[in-house]
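Trainee: Okay, here's the structure, questions in a sec.
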Amino acid sequence: MKKLLLLLCAMGFVLSCSSDDDPSYSASNLIGKWILISDFEDGIEYVEDGDCPEEIIFSETTYVYKEYFGDNCEDVYESNPRPYSVNGTNLNSDGDSGEILELTSKKLIIKYIDIEEEGGGTHTSTYVTTYIKG
C-alpha cells in the first residue's frame, strides 16, 4: 500500500510538471543586436543577392532595422526607431504581430503571417526568421 501511494504521488508530480505550458517573454529578453541567419517564406528559404548582413537592434521600448548593402557592405539602410511590445509569445509593432517561437540568450526565432489582398482575393504568406545575438 505504501508503494502504491508513493507511486501515485510521483505520477502526480510528473504530470503536474508538464512542459506544455506556453513560454512567456518580456521586452528585456530581446534587448541587444540580433543578426539574421535564415529567413523562410512558406517553408522555402528566402535568399537575397549578396552576403551583406541584416540586423535588428532592440532597446527597452523600440527597435531599429539595419540592412547593409553595396559591393563591400559599406552602405546601410537604417529604419527609424519603432515602438514594440511583448505579450507572452506575441511580438507587436506598428499594428503587426509576430509569434516568438524561440528566445534564448543567443537565438531568436520569429514567425509572422502576412495577408495581402490582391485581385479580389487574399494571399497569405508565413515567414519564419532566425537571428543570433551579435
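Laboratory data are not the source of any read-out in this text; all were calculated from the coordinates shown. This one's a predicted model, so the numbers in the text were calculated from it and none came from an experiment. Neighbour counts run over all protein chains shown; Cβ positions are idealised from the backbone, glycine included.
Trainee: If you take the alpha carbon radius of gyration of the range 15-107 and divide it by 2.2 N^0.38 Å, what ratio comes out, to two decimals?
Mentor: Scaled against compact globular proteins, the figure is 1.27.
Trainee: Please grab the % of Cα pairs in the range 61-134 that end up more than 15 Å from each other.
Mentor: Value for the range 61-134 (Cα pairs over 15 Å): 69 percent.
Trainee: 5 Å is the cut-off here: which amide hydrogens, built 1.01 Å from N in the peptide plane, fall below it relative to Thr89, excluding neighbours closer than 5 in sequence?
Mentor: Tyr25
Trainee: Another question, if that's okay. How many nm separate the modelled label positions at Lys133 and Asp96, each set 7 Å beyond the Cα in the direction of the Cβ?
Mentor: The modelled label-to-label distance comes out at 2.5 nm.
Trainee: Treat the count of other C-beta atoms within 10 Å as a stand-in for reagent exposure and order Lys106, Lys33 from fewest to most.
Mentor: So the ranking, lowest neighbour count to highest, is Lys106, Lys33.
Trainee: Sorted from fewest to most neighbouring beta carbons within 10 Å, what does the list Val47, Val128 look like?
Mentor: Least crowded to most crowded, the residues run Val47, Val128.
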